[in-house]
Amino acid sequence: MEGQHSYRIKELNIESFPKGQISEAWLHIINNGIGEPVRIPIIIAKGKEDGPVLGLNAALHGNELNGIPVIQKLINDLNLDELRGTIVGVLVANVPGLLLEQRAFNDGVDLNRISPGKRDGTQSELYVYRLFERIVKKFDYLIDLHTASFGRVNTYYIRADMSDKMSSRMARLQNPEIILNHTPIGITLRGRAAIHGIKTITIELRDPHLFQRDVINDSLTGVRNILYDLKMLPGEILCPADDITLCESSYWLYTDEGGILNVFPQLGQQLKKGDKIAAVKTIFGKTVKEYFCPEDGVVIGKSVNPINQSGSRILHLGINTKKIPCITAQELDHQ
């Protein structure tokens, strides 16, 4: 990385970082139980010209790792002389969770379900409050990088409010397999960002606890497309996908019998009403329940954990689907 400098900070003040340089920052967000600082690693690439601030946020769930190398490679490959504006990469949003190799914060709470947090709240509420106020609030655009949770796998898909013109465009520029039209709710980081006027999407980068090079590279193509579209970098927008499956809504299907679970459909598979999707067996191998698709849809994600207590997830079904193009040449001509 050219022009690299290191800082220790308590708040992200983008104006304070030098133009034409890449800076590493450790942002002191809380203290741990013996009074030592817990710091969030942030990388700031600032162009020589003023422009938008694009934030990328990884590992808000501590076991969702694919977003980390997306940020690293994006910054490593930058030509700072060409960058207009600022790219901010939050490499690990949930530091305690990552160190414990778990999804939740170290008090057991899901950080993506308690925004905006509280200035005088619990451990996790205070952490989320400061994460948003000290970092995320400074962005014009946000890409929130996630994966499936433990025991589940995902397609490469996007959550975006497709009624918002810019969020819709950001989603389609990613060339994903699936876009889920999902109005963000305020308890999520994406939802809180949207309330503050930050244009935002969530990218689901397949599976937890791993670095998966194929989806990392696919996502990098999409993130660069957004940078080109925002005129933050010069470059040609690539749209390798023939089309994208847009789901107007989705829901999870659950078991009502415990036992050994086998989920049959593949990720991204189109299902018809009545298709057999899963079976539960006793520990002795006897089938006790079969499950069938309640309506036409597409498999967004599914369970791969065979140990299934009653009420466990089967698969994430996207419904009311249609095919849409990524970004057409005509749209690019009129950007």
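The values are calculated or read from the model by the stated rules, or taken from the named source; none is laboratory data. Nothing here was measured: the structure is a model prediction, and the numbers come from that model. Cβ coordinates were reconstructed from backbone atoms using ideal geometry, including for glycine residues, and neighbour counts include every protein chain displayed.
Restricting the stretch 116-141 to residues that are aliphatic (A, V, I, L, M) and farther than 27 Å from ARG313 by Cβ, which is surrounded by the fewest Cβ atoms within 10 Å (Cβ to Cβ)?
Per the criteria, the residue is LEU126.
Can you run down the residue pairs with Cβ atoms below 6 Å, 6 or more apart or on separate chains, where the first is in the stretch 14-37 and charged (D, E, K, R) and the partner is part of a loop (DSSP other than H, G, I, E, B) and surrounded by 12 or more Cβ atoms within 10 Å (Cβ to Cβ)?
Cβ pairs passing all conditions: LYS19/LYS48.
Determine whether TYR157 is buried (at least 22 other Cβ atoms within 10 Å of the Cβ) and of a type outside the set (S, T, N, Q).
The answer is yes for TYR157.
Out of (1) under 23 Å from ILE216 (Cα atoms); (2) surrounded by fewer than 16 Cβ atoms within 10 Å (Cβ to Cβ), the odd one out for ALA171 is which?
Result: ALA171 passes all but (2).
Condition check ((1) of a type outside the set (Phe, Trp, Tyr); (2) assigned by TED's automatic domain parsing to the domain that holds VAL53; (3) modelled with pLDDT of 95 or more) across all residues:
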{"site": "ILE201", "(1), (2), (3)": "yes, yes, yes"}
{"site": "ARG213", "(1), (2), (3)": "yes, yes, yes"}
{"site": "ILE216", "(1), (2), (3)": "yes, yes, yes"}
{"site": "SER219", "(1), (2), (3)": "yes, yes, yes"}
{"site": "PRO234", "(1), (2), (3)": "yes, no, yes"}
{"site": "ILE237", "(1), (2), (3)": "yes, no, no"}
{"site": "LEU261", "(1), (2), (3)": "yes, no, yes"}
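Can you tell me how many residues in the stretch 270-290 are part of a loop (DSSP other than H, G, I, E, B), within 19 Å of LEU246 (Cα to Cα) and either under 22 Å from the mean Cα position of the chain (by Cα) or of a type in the set (A, V, I, L, M, F, W, C) (or both)?
Matching residues across the stretch 270-290 total 0.
When the stretch 291-313 is examined, which residues are found to be over 13 Å from ILE260 (Cβ atoms), part of a strand (DSSP E or B) and not aromatic (Phe, Trp, Tyr)?
As a first pass, look at the stretch 291-313 and keep what is over 13 Å from ILE260 (Cβ atoms): 291-302, 311, 313.
Retained after the next criterion (residues that are part of a strand (DSSP E or B)): 291-292, 297-302, 313.
GLY297, VAL298, VAL299, ILE300, GLY301, LYS302, ARG313 - these are the residues of the stretch 291-313 that are over 13 Å from ILE260 (Cβ atoms), part of a strand (DSSP E or B) and not aromatic (Phe, Trp, Tyr).
Would you please name the residue that is nearest to LEU74 (Cα to Cα), looking only at residues in the stretch 211-256 that are surrounded by 19 or more Cβ atoms within 10 Å (Cβ to Cβ) and of a type in the set (Asp, Glu)?
Only one residue tops the list, namely ASP218.
For the stretch 225-237, indicate whether the set of residues that are within 27 Å of PRO184 (Cα to Cα), among the hydroxyl-bearing types (Ser, Thr, Tyr) and assigned to a strand (DSSP E or B) is non-empty.
No, the stretch 225-237 contains no residue that is within 27 Å of PRO184 (Cα to Cα), among the hydroxyl-bearing types (Ser, Thr, Tyr) and assigned to a strand (DSSP E or B).
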